[in-house]
Amino acid sequence: MEKTIISEGRTTNEAIEKGLKQLRVSKDKVEIKVLENEEKRSFFSILAPRVVKVEMKLKETINEHKEKEIKPKKVIELSEEEQTTAQENVKKFMEEILKELPEDTTYNIIKTKQGLNVEILNKNLGFLIGYRGETLYAFQNILSAIASKGIDKKVRVILDIEGYKEKREKTLEELATKVAKTVIKTRKPVKLEPMQAYERKIIHSALQQNSKVETESIGEEPNRRIVVSLRKTK
């Protein structure tokens, strides 16, 4: 889709309406600049057909929002030495924190070129997961900061607790399918509750290939959420 067009009409409003139909967007999605106004007509052009020209430029579009969210971040690779340093940093921290966790809690740390995968195992760690994983993600950020100590790069840590993320991913995929069916049936958009960026990405990905609906992220963190609506026909 073109991002900038020139639209013509007998009046400014008519030119704008034609442009909006061509771009298939609402007025709040474009920047409008009048190039030729019906008021500015010379004596010699008074008998010529009245034409108003407006330049219409798309603001950041829904698809751009979605692409930004789904597009993977630039991958930072760690050397073997950096991986080992990051692992030792987290291991030292985990040995201390383990004293405060329920008995029989265990953990695994797997090194990768992109960072560390940390898994904590114990069925009684709901308090460490929190509502919708909020505590888990906060803890993940803490581990990332700890892992990066003494390393010039930010170490990416992926934390999971008792398989929570896999279960949550399945729940979100099922939710996406259910909401899509509702939108198609009612022909009305559905706004989901605020989610972490990681969870929004799951929804976007689950519906990316659906030819009947589209997704858009709206709002600011931490209240950013997804709206699922009927896909605009071309």
Quiz item: Which residue pairs have Cβ atoms under 9 Å apart, sit 6 or more places apart or on different chains, and have a first residue in the range 66-91 that is under 30 Å from Gly219 (Cα atoms) and a second that is at pLDDT below 65?
Solution: Lys68/Glu60
Quiz item: Which is within 30 Å of Lys91 (Cβ to Cβ) and at pLDDT below 95, of Arg168, Arg187?
Solution: Arg168
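Results for (1) part of a helix (DSSP H, G or I); (2) surrounded by 14 or more Cβ atoms within 10 Å (Cβ to Cβ), shown as yes or no for each residue.
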| position | (1), (2) |
| --- | --- |
| Glu96 | yes, no |
| Asp104 | no, no |
| Ile110 | no, no |
| Glu119 | no, yes |
| Glu134 | yes, no |
| Ser144 | yes, yes |
| Gly150 | no, no |
| Pro194 | no, yes |
Quiz item: Name the pairs: first residue in the range 6-25 and without any contact (Cβ under 8 Å) to a residue 40 or more places away in the chain and surrounded by fewer than 16 Cβ atoms within 10 Å (Cβ to Cβ), second residue part of a helix (DSSP H, G or I) and not β-branched (Val, Ile, Thr), Cβ to Cβ under 8 Å, at least 6 apart or on different chains?
Solution: none
Quiz item: Can you find a residue in the range 207-219 that is part of a helix (DSSP H, G or I), buried (at least 17 other Cβ atoms within 10 Å of the Cβ), outside the structural domain of Ile142 (by TED's automatic domain parsing) and touching a residue at least 24 places away in the same chain (Cβ under 8 Å)?
Solution: yes
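The values are calculated or read from the model by the stated rules, or taken from the named source; none is laboratory data. The model shown is predicted, which means the values in this text are computed figures rather than measured ones. Cβ sites come from the backbone with ideal geometry, for glycine too, and all protein chains shown count toward neighbours.
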